[in-house]
Amino acid sequence: MSKIDEILATACGRNKDWAYAGAVTPEEAFELLSLDNAVKLVDVRTNAERDWVGRVKIPEAQHGAVQWTTYPGGNTNQEFIEQLNSVARKDQVLLFLCRSGVRSRGAAKLAAEHGYQHCFDILEGFEGEKDEHTHRKNLNGWCKAGLPWTGA
């Protein structure tokens, strides 16, 4: 079994009757991206979050940005699937990322319902959960894991 197959099998094993394939840790997501240039990370945070908080630092061809909600207002992006269609293929392994791992679950579910075959949530998200001081990036997530990212 290849390392990619091993990671994806672990991710699928985390599936708790979700409508999408499974979930990966930030470290597993980065390893998948490093091992297979056809894997795509879909950042579903708002444009403002990416601009003001930071972005993953991976090859542009492996990165797609489709807002799950819009800023300002926090309204659901009614064009999410149409925009996803413009950045990803339905047969690709897609890794959905948000701030803390909540919106990415909704995005993975909707994508799977629209025929995307390999949708995975990135657990913990970009910034992770809040600590006792309500700060992020200290407990878990892409940034805390020390994975490549660039600040705003």
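Can you name every residue in region 15-43 that is over 17 Å from residue 89 (Cβ atoms), touching a strand residue (DSSP E or B) at 6+ places or on another chain (Cβ under 6 Å) and either hydrophobic (A, V, I, L, M, F, W, C) or without any contact (Cβ under 8 Å) to a residue 24 or more places away in the chain (or both)? Across region 15-43, the qualifying residues are 15, 23, 24, 29.
Within region 19-42, is even one residue of a type in the set (Lys, Arg) and touching a Phe, Trp or Tyr at 6+ places or on another chain (Cβ under 6 Å)? Looking for residues that are of a type in the set (Lys, Arg) and touching a Phe, Trp or Tyr at 6+ places or on another chain (Cβ under 6 Å), one finds none in region 19-42, hence no. Screening residue 86 with (1) of a type in the set (Gly, Ala, Ser); (2) surrounded by 14 or more Cβ atoms within 10 Å (Cβ to Cβ); (3) more than 23 Å from residue 143 (Cβ to Cβ) gives one miss only, at (2). Could you please let me know if residue 145 is over 20 Å from residue 46 (Cα atoms) and part of a helix (DSSP H, G or I)? The answer is no for residue 145.
Looking for whichever is part of a loop (DSSP other than H, G, I, E, B) and under 24 Å from residue 38 (Cα atoms) here; the options are 101, 74, 106. Which one fits? Spell out how you get there, then give the answer.
Working: 74 fails: under 24 Å from residue 38 (Cα atoms); 106 fails: part of a loop (DSSP other than H, G, I, E, B).
The conditions single out 101.
Here residue 92 meets each of (1) touching a Lys or Arg at 6+ places or on another chain (Cβ under 8 Å); (2) under 20 Å from residue 125 (Cβ atoms); (3) polar (S, T, N, Q) with one exception, condition (2). Looking at region 133-146 only, could you name the residues that are in contact with an Asp or Glu (Cβ under 7 Å, 6 or more places away or on another chain) and closer than 17 Å to residue 29 by Cβ? Within region 133-146, 137, 140, 141, 143, 145 qualify.
Looking at 91, 121 in this structure, which one is more than 16 Å from the chain's Cα centre (by Cα) and modelled with pLDDT of 95 or more?
Details: 121 fails: more than 16 Å from the chain's Cα centre (by Cα).
From the options 91, 121, the qualifying one is 91.
Of everything in region 71-84 that is touching a residue at least 12 places away in the same chain (Cβ under 8 Å) and under 17 Å from the mean Cα position of the chain (by Cα), the residue that is nearest to residue 114 (Cα to Cα) is 81. Just one of the listed residues (54, 101, 128) is surrounded by 16 or more Cβ atoms within 10 Å (Cβ to Cβ), touching a residue at least 12 places away in the same chain (Cβ under 8 Å), under 21 Å from residue 24 (Cα atoms) and in contact with a Lys or Arg (Cβ under 6 Å, 6 or more places away or on another chain), namely 128. Is there a residue being in a loop (DSSP other than H, G, I, E, B), hydrophobic (A, V, I, L, M, F, W, C) and buried (at least 16 other Cβ atoms within 10 Å of the Cβ) anywhere in region 110-119? No, the conditions are met nowhere in region 110-119.
The values are calculated or read from the model by the stated rules, or taken from the named source; none is laboratory data. The structure displayed is predicted, hence computed values, not measured ones. Counting neighbours? That spans all protein chains shown, and the Cβs are built from the backbone with ideal geometry, glycine included.
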